[in-house]
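**Q** Sharing a structure, written as structure tokens. Questions coming.
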Amino acid sequence: MNQSKQRCLIVAVDGPAGSGKSSVCSKACKRLGWTYVNTGFLYRAVAYICGVRQIPLNASEKLGVVIDDFMQSLIWDPETQAVWFQGENISTHLYTDQAGKDASLIATNRLVREKLLPLQRDLARRSPVGSIVDGRDIGTVVFPDADLKVFLTASIDERARRRIRQLKDGAHVTPEELDTIRTSIAERDKQDAARDVAPLIQAPDAILLDTSELDMNGTIDALVSLIRARNLV
Ligand code: DC
């Protein structure tokens, strides 16, 4: 452990949809005794609350009110990433493909991004040791001075296979189902990378980690090795 640093260490992990960021980062944090911050979950939560309140995802002003309410009453469990809003654990609503698409849509809104920025920084800095923060703009906007930046990716086919494995829990998958998921992932990547504000992009000083040929444990090992190589643990 690097004793000379007093502040919380930050590892930024960005990458496209389905690259395995959340599983890899949360397991790496368990190994290291660090905190994991899944920023996509915050965007998903805001989109979900809009749905419950029947607020269109492009109603900019109303989105601002939703985020103010969200930040006021949010309870977040760093162990499980569970998110409570106004006393209700809303986490189970946030894992679906539709929740990801809705989050991607509101994430194109500048006001939404600006309002969620301090929250993401605050959650990450609550750790007494270090945090791995994952998302799309962590290394470029949220923590441009992160101690380590990693861009985690995998081929679109591999990401589609992983996603469908997760959704179908090992059941047989038809080529059509695989195609649908591949298209949905590609559309989300396009929306995240093409937006004007904080697009999905590899920071110039981020290390590219392509996991197309790696399994989960291999990917966690690779991420932890990068953190060790930077002398952060
Ligand atoms: O990581 P995820 O798939 O749960 O994220 C859902 C969407 O939220 C993603 O498609 C784009 C948006 N997002 C973002 O724009 N910036 C982040 N830091 C995290 C997520």
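**Q** Answer yes or no as to whether R121 is within 13 Å of the ligand (Cβ to nearest atom), closer than 30 Å to R228 by Cα and either modelled with pLDDT of 95 or more or buried (at least 19 other Cβ atoms within 10 Å of the Cβ) (or both).
**A** Criteria met by R121.
**Q** Let me ask something additional. Please list, ordered by residue number, the strands (runs of 3 or more DSSP E) wholly in the range 1-116 having 1 or more residues that are surrounded by fewer than 18 Cβ atoms within 10 Å (Cβ to Cβ) and out of contact with any Cys (no Cβ under 6 Å at 6 or more places or on another chain).
**A** Working: elements: 9-14, 35-38, 83-85.
Counting at least 1 such residues, we get 83-85.
**Q** Kindly indicate whether any position in the range 129-143 is touching a helix residue (DSSP H, G or I) at 6+ places or on another chain (Cβ under 6 Å), acidic (D, E) and closer than 22 Å to V37 by Cβ. Outline the logic, then answer.
**A** To start, the set of residues in the range 129-143 that are touching a helix residue (DSSP H, G or I) at 6+ places or on another chain (Cβ under 6 Å) comprises 131-136, 142.
With acidic (D, E) added as a condition, the list becomes 134.
If we keep only those that are closer than 22 Å to V37 by Cβ too, we end up with 134.
Yes - at least one qualifying residue is present in the range 129-143.
**Q** Can A160 be described as near the ligand (Cβ under 10 Å from one of its atoms) and either part of a helix (DSSP H, G or I) or closer than 21 Å to S26 by Cβ (or both)?
**A** Answer is no for this residue.
**Q** Follow-up. Among the residues of the range 84-99 satisfying the criterion of being under 15 Å from the mean Cα position of the chain (by Cα) and of a type in the set (S, T, N, Q), which is farthest from I67 (Cα to Cα)?
**A** T96
**Q** Shifting gears a bit: Criterion first (of a type in the set (S, T, N, Q) and more than 16 Å from the ligand (Cβ to nearest atom)) does S19 satisfy it?
**A** no
The values are calculated or read from the model by the stated rules, or taken from the named source; none is laboratory data. As the structure is a computational prediction, the values presented were derived from the model and not from experiment. Note that we place each Cβ from the backbone using ideal geometry, even for glycine, and neighbour counts take in every protein chain shown.
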